[in-house]
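Have a look at the structure below before the remarks.
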Amino acid sequence: QRRKTCGSWISSLTSQCELVLLHSAGIPVLVPRPERYAVHKFIVASRRSDTESFGHLRRDKDVRQACLLTIGLLETMEGERLADAFIEAWNRGPAWQEAIREGLALMPKKYISIRKFFEEAMELEKLDPQLLVPEATGKH
């Protein structure tokens, strides 16, 4: 079985929603579901390299977008959908778990509420929230 990439996880039709751009009579567009996009941005941030062009700036931008989108979802009572997307990504295996773990480790300390939210989501699924801590896995 072919390993699914993060790109296919975010771009499948069930992972998108239809919106209308405000231009003339409106232009319908498909965009990633916000809860999946937030998780995706943490994963993408973990994969950015300092050796790529503007890698550290892109990584910071990805983390900032993931944090702001996550906060927005929590403030608009979309936490359950966010938790579901997070757990679905986590359950895709060790490579995804490592990317999520590394992406969350890039968050500034002021976003501790986001980490707590994901820890609680893991507890609800009977998963050890310590798995989100890079030191708990022996990897940095």
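The values are calculated or read from the model by the stated rules, or taken from the named source; none is laboratory data. Note that the coordinates shown come from a computational prediction; the quantities given were computed from them, not determined experimentally. Note: ideal-geometry Cβ built from the backbone for every residue, glycine included; neighbour counts use all protein chains shown. Side chains are part of the model used for accessible areas, which takes the heavy atoms of the whole protein and leaves out ligands, DNA and RNA. Shrake-Rupley method; radii C 1.70, N 1.55, O 1.52, S 1.80 Å.
Can you tell me which residue among 98, 119, 123, 102 is modelled with pLDDT of 95 or more, under 17 Å from residue 64 (Cβ atoms) and not aliphatic (A, V, I, L, M)?
Only one candidate passes the filter, namely 102.
Quick check on my filter: what residues within region 88-140 are among the β-branched types (Val, Ile, Thr) and either open to solvent by less than 30 Å² (accessible area, probe 1.4 Å) or in contact with a helix residue (DSSP H, G or I) (Cβ under 6 Å, 6 or more places away or on another chain) (or both)?
Selection gives 100, 114.
Can you name every residue in region 112-139 that is more than 14 Å from the chain's Cα centre (by Cα) and under 17 Å from residue 63 (Cα atoms)?
Hits for region 112-139 are 112, 113, 116, 133, 134.
Out of region 30-61, which residues are in contact (Cβ under 8 Å) with a residue 40 or more places away in the chain and open to solvent by less than 20 Å² (accessible area, probe 1.4 Å)?
35, 38, 39, 41, 42, 43, 45 - these are the residues of region 30-61 that are in contact (Cβ under 8 Å) with a residue 40 or more places away in the chain and open to solvent by less than 20 Å² (accessible area, probe 1.4 Å).
What number of residues in region 62-87 are open to solvent by less than 70 Å² (accessible area, probe 1.4 Å) and part of a helix (DSSP H, G or I)?
Residues in region 62-87 being open to solvent by less than 70 Å² (accessible area, probe 1.4 Å) and part of a helix (DSSP H, G or I): 16 in total.
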